[in-house]
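All remarks here apply to the structure that follows.
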Amino acid sequence: MSNFNPMNLGGRVVLVTGASSGIGRATSVLLSRLGARLAICARDEGRLTETLGMLEGTGHLTFPFDLMRTDDIPGWVRSVVEEIGCLDGLVHCAGIHGILTIRAANAEKIETMMRVNVLSALLLARGICEPGCRGTKASIVFVSSVAAISGSPALSVYASSKAALLGITKSLAAELARDGIRVNCVTSGMVRSELTNRLEEQLLPSQFEAIESRHPLGIGSPDDVANAIAFLVADTGRWITGTSLVVDGGYTSV
Ligand SMILES: NC(=O)c1ccc[n+]([C@@H]2O[C@H](COP(=O)([O-])OP(=O)(O)OC[C@H]3O[C@@H](n4cnc5c(N)ncnc54)[C@H](OP(=O)(O)O)[C@@H]3O)[C@@H](O)[C@H]2O)c1
């Protein structure tokens with residue numbers, strides 16, 4: 001039998017944010033199994049080191065960083081490249097979720113959400129565009145949410161941050177194609193992660209069950225989203241840019 005694997009990432013270097021947990025951790029593990037060398041980022045050094053221990057292969061490095069420090073992001077990307085080499089991929093999984101009614105929202109809460117979920121995405125992309133920071137071809141993948149495309153109460157701030165990623169994906173794809181950079185997005189339904197566990201604690205059991213029942217295939221796992229991300233990072237996605245791949249267990253089909 002042939003060993004051909006169209007998603008082989010041997011020789012590629014990929015920066016994954018949000019790698020200390022959930023989708024970012026699952027993506028890091030999968031990309032390493034496909035042969036990539038990884039630069040993994042989050043704030044919590046202990047949990048990042050745990051992820052490092054789960055990776056296959058050698059040459060992976062941890063880069064603890066707080067993406068709230070938006071002004072510092074492009075310079076930080078350069079320092080990552082100086083240590084690990086040019087980036088062939090950037091997967092931005094770091095993000096925060098929050099149930100927040102519009103009556104409880106204020107500028108500070110909205111700004112925090114936008115900084116981590118949106119500004120960081122733009123400034124990470126800016127960083128990878130800097131001369132010498134990427135290989136001849138590169139793939140950027142953002143992680144959006146079904147909240148961006150279907151309404152739920154108390155989610156307008158989170159939804160707007162995730163909808164912004166859909167617009168960013170399209171415009172950056174158009175702008176960066178000539179530089180050999182593809183830009184895509186995975187729009188995820190609910191998967192089991194620490195984010196979802198926190199959400200479950202904040203809701204009544206009946207409210208959580210109502211969200212769960214809106215997924216015809218049930219709640220997913222971080223691996224389900226990681227598989228789609230890997231497809232877009234690898235050469236399987238070589239003719240795909242500016243798109244959002246919906247991975248939601250059927251949430252938006254009903
Ligand atoms: N879980 C879902 O059902 C779901 C559905 C749709 C979309 N999403 C999106 O998928 C992404 C990952 O979600 P998840 O479920 O894996 O969440 P998670 O388990 O809570 O993980 C979030 C990750 O983001 C990192 N992070 C948060 N704030 C950061 C900051 N200021 N600087 C650097 N890193 C930061 C966290 O690391 P530290 O705390 O160590 O910094 C953690 O690694 C998010 O963008 C989320 O909006 C999730």
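Being free of Cβ contacts under 8 Å to residues at least 24 places away in the same chain, touching a His at 6+ places or on another chain (Cβ under 8 Å) and not polar (S, T, N, Q) holds for only one residue in Leu52, Leu38, and it is Leu52. Scanning the range 99-115 for residues that are near the ligand (Cβ under 10 Å from one of its atoms) and either surrounded by fewer than 16 Cβ atoms within 10 Å (Cβ to Cβ) or modelled with pLDDT under 95 (or both) gives a single hit, Thr112.
Yes/no per residue for (1) more than 12 Å from the ligand (Cβ to nearest atom); (2) among the acidic types (Asp, Glu); (3) surrounded by 13 or more Cβ atoms within 10 Å (Cβ to Cβ):
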| residue | (1), (2), (3) |
| --- | --- |
| Ile168 | yes, no, yes |
| Leu172 | yes, no, yes |
| Asn184 | yes, no, yes |
| Leu199 | no, no, yes |
| Leu203 | yes, no, yes |
| Ala210 | yes, no, no |
| Ser213 | yes, no, no |
| Val246 | no, no, yes |
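Taking the listed residues Gly218, Gly250, Gly180, the one that is of a type outside the set (A, V, I, L, M), in contact with a Ser or Thr (Cβ under 7 Å, 6 or more places away or on another chain) and at positive phi is Gly180, with no other qualifying.
What about Arg134, is it surrounded by fewer than 20 Cβ atoms within 10 Å (Cβ to Cβ) and of a type in the set (D, E, K, R)? So Arg134 does not fit the description; no. Applying the criterion of being β-branched (Val, Ile, Thr) and over 15 Å from Leu124 (Cα atoms) to the residues of the range 51-92, the residue that is nearest to the ligand (Cβ to nearest atom) is Thr51.
The values are calculated or read from the model by the stated rules, or taken from the named source; none is laboratory data. These numbers were taken from a predicted model, which means no experiment stands behind them. FYI the Cβ positions are ideal-geometry reconstructions off the backbone, even for glycines, and counts take in every protein chain you see.
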